[in-house]
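Working notes, beginning with the structure itself.
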Amino acid sequence: MYKCIVIDDEELARALLTTYIDKLDFLEQIGSFENPLEAISLVKSEAVDVIFLDIQMPNLKGTDFAKIVPASTKIIFTTAYSDYALEGYELNALDYLLKPITFERFLKAVDKLETKTVIENKEVTDTTITIKSGYDLHKLQLQDITHIESDSEYVIFYTDSKKIMSHQTLKSLEKTLDATMFMRVHRSFIVNKTKVTSLKGRDLLLSNLSIPVSDSYYDKVKQELF
């Protein structure tokens, strides 16, 4: 059961989200607020798992509110303005819902709660990968890998600080990687889902890095990541 609150200065928006939340037995709404300032004490005193948070509000912007909540609290932004999407993902939001929000799109967002929990609670033995590069063996934390690129009969593992080349194919590697964390988005690329910040046209952004999405993977990328 995930404890959640709704913060939105529009009454109809709060009512709609409450209706959606009430339909799901794994969500429990413990608060609804018009003013984000009124929600601060609850967020600091209780363990809130997820906040459905509007961005453009008169007293305090949702993006500013998100910066003061505990790191363990997941944020799902809800707004009528698509211009805020990139800023929302830079704050490591779980999802970004553009109004008017359909129940189908709402479900896709809350399904990510389950995926995120699986990743965060994986056994220690599943958090690393050993990579053979020539005669050397390298151990990487899975969470540190940003993406993996195919280069002929080799693949290249990228982190923020280094890259490691290994003699294997992307196809064989894809079968061994945890699908809750990694996703094939192109014949030459696999990305770490947790590193994705936005989708611009046919390119995925991982912070300032751009990864192409091929036509055959585009619908799946939109469905699973957005």
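The values are calculated or read from the model by the stated rules, or taken from the named source; none is laboratory data. Keep in mind that this is a model prediction, so the values were computed, not measured. All Cβ positions, glycine included, derive from the backbone under ideal geometry; neighbour counts span all protein chains shown. These area figures cover heavy atoms from the full protein model, side chains too; ligands, DNA and RNA do not enter into them. Shrake-Rupley method; radii C 1.70, N 1.55, O 1.52, S 1.80 Å.
Brief remarks follow.
- Output for the range 126-138, where each listed residue is assigned to a strand (DSSP E or B) and among the polar types (S, T, N, Q): Thr128, Thr130, Ser133
- Residue check for Val6: more than 18 Å from the chain's Cα centre (by Cα), open to solvent by less than 40 Å² (accessible area, probe 1.4 Å), of a type outside the set (Asp, Glu) and closer than 30 Å to Lys200 by Cβ: yes
- Complete set of residues in the range 117-156 that are at pLDDT 90 or above and charged (D, E, K, R): Asp144, Glu149
- Residue list for the range 5-60, filter: touching a Cys at 6+ places or on another chain (Cβ under 9 Å), assigned to a strand (DSSP E or B) and of a type outside the set (S, T, N, Q): Leu27, Glu28, Ile30, Gly31, Val50, Ile51, Phe52
- Cβ-Cβ under 6 Å pairs, at least 6 apart or on other chains, the range 89-112 side of a type outside the set (Ser, Thr, Tyr), far side in a helix (DSSP H, G or I) and at pLDDT 85 or above: Leu91/Ala66; Asp95/Ala109; Leu97/Ala109; Phe103/Tyr20; Phe106/Tyr20
- Criterion (surrounded by fewer than 21 Cβ atoms within 10 Å (Cβ to Cβ), closer than 23 Å to Pro100 by Cβ and out of contact with any strand residue (DSSP E or B) (no Cβ under 8 Å at 6 or more places or on another chain)) met by exactly one of Leu16, Leu60: Leu16
- Top-ranked residue of the range 173-193 - restricted to ones that are farther than 27 Å from Asp136 by Cβ and of a type in the set (Val, Ile, Thr), ranked as surrounded by the most Cβ atoms within 10 Å (Cβ to Cβ): Val185
- Scan of the range 139-172 for residues that are assigned to a helix (DSSP H, G or I), out of contact with any Phe, Trp or Tyr (no Cβ under 9 Å at 6 or more places or on another chain) and either within 19 Å of Ser210 (Cα to Cα) or open to solvent by less than 50 Å² (accessible area, probe 1.4 Å) (or both), ordered by number: Gln143, Asp144
- When Leu199, Leu209 are checked against the criterion of being among the aliphatic types (A, V, I, L, M), farther than 12 Å from Ser150 by Cβ and open to solvent by 60 Å² or more (accessible area, probe 1.4 Å), Leu209 stands alone in meeting it.
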